[in-house]
1. For the chain, find the longest principal axis of its Cα atoms and tell me its angle to the long axis of helix 97-129, 0 to 90°, nearest 10.
2. So the label point goes 7 Å from the Cα of residue 14 along Cα→C-beta, right? Which residues of the range 104-135 then have their backbone N under 16 Å from it?
3. Would you mind checking the tilt of helix 146-167 against the longest principal axis of the Cα atoms of the chain, expressed as 0 to 90 degrees and rounded to 10?
4. Quick one: which residues, 5 or more positions from residue 130 or on another chain, have an amide H under 5 Å from its amide H? H modelled 1.01 Å from N in the peptide plane, none for Pro or chain starts.
5. What residue among 41, 150, 78 shows peak mean-square fluctuation when the chain is described by a Gaussian network model with Cα springs under 10 Å?
6. Please list log₁₀ I(q)/I(0) at q = 0.12, 0.23, 0.24 Å⁻¹ for the range 1-57, using the Debye equation with identical point scatterers on the alpha-carbon positions.
7. Which one of 117, 40, 136 is farthest out on the positive end of the charge dipole of the chain, using unit charges on Cβ (Lys, Arg +1; Asp, Glu -1) and the Cα centre as origin?
8. Going highest first, how would you order 126-133, 92-99, 112-119 by mean Cβ packing within 10 Å?
Amino acid sequence: MFRTQLQRDTSRLLSLFETVLDAIAYGCRIITGVSLVVLTVIFGWLVFGRYVLNATPTWVEQAALLLVMIIAFLGAAVGIHENTHLSVTAFRNPLPDRLRQALIVLSDLLLAGFGILMLWQGAKLTLFKWGSQIPLIQLPEGLRSLPLTVGGALILLFTLGHLMRLMLGRDTRSAKIQ
């Protein structure tokens with residue numbers, strides 16, 4: 001009886017954790033989508049200003065670099081969550097189940113380590129650069145590396161979610177993809 005209750009409680013906690021991860025990933029998709037639209041609009045303004053008004057808005061390049069960082073790192077984290085990141089399954093799929101499962105665990109552990117590294121080094125860089133300003137837009141320079149830090153934290157979090165599902169037998173990535 002105790003074991004059954006523990007399994008139910010674990011299942012509920014995992015479902016709640018998965019719901020939170022899904023909500024975070026959804027928020028990241030919204031942020032990256034809005035960033036992509038803003039990036040497109042400001043580059044349109046850059047072209048219009050340069051060729052029609054003959055007055056190039058110089059702030060666009062600096063803002064674009066910041067937006068590209070947001071799109072790249074939050075988008076990469078969502079790719080980890082949704083298992084759409086670059087993964088070579090052609091080598092993994094023909095392998096026996098146990099070896100395929102071991103490669104999935106190894107991949108998750110490497111991704112978690114990469115997330116930790118991004119989080120740690122990104123945080124150091126963000127703190128180091130926070131005191132200076134981005135030219136032309138007068139925002140803290142640390143904002144450029146903040147997406148690296150947040151992306152690293154999210155990669156770690158999403159990978160831990162994969163590992164939890166794997167340990168509880170609820171991970172679908174170990175199935176062969178036809």
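Values in this text are rule-based calculations from the coordinates and carry no lab data. All values derive from a computational prediction rather than experimental measurement. Positions of Cβ are generated from backbone atoms using ideal geometry, with glycine treated the same way; all protein chains shown enter the neighbour counts.
1. Orientation of helix 97-129: about 30 degrees from the principal axis.
2. Residues 105 fall inside that zone.
3. Orientation of helix 146-167: about 10 degrees from the principal axis.
4. Under 5 Å from the amide H of residue 130 lie the amide H atoms of 142, each far enough along the sequence or on another chain.
5. Residue with maximal mean-square fluctuation among 41, 150, 78: 41.
6. Result of the Debye calculation: -0.54, -0.85, -0.87.
7. Of the listed residues, the answer is 117.
8. Order by mean packing, descending: 112-119, 126-133, 92-99.
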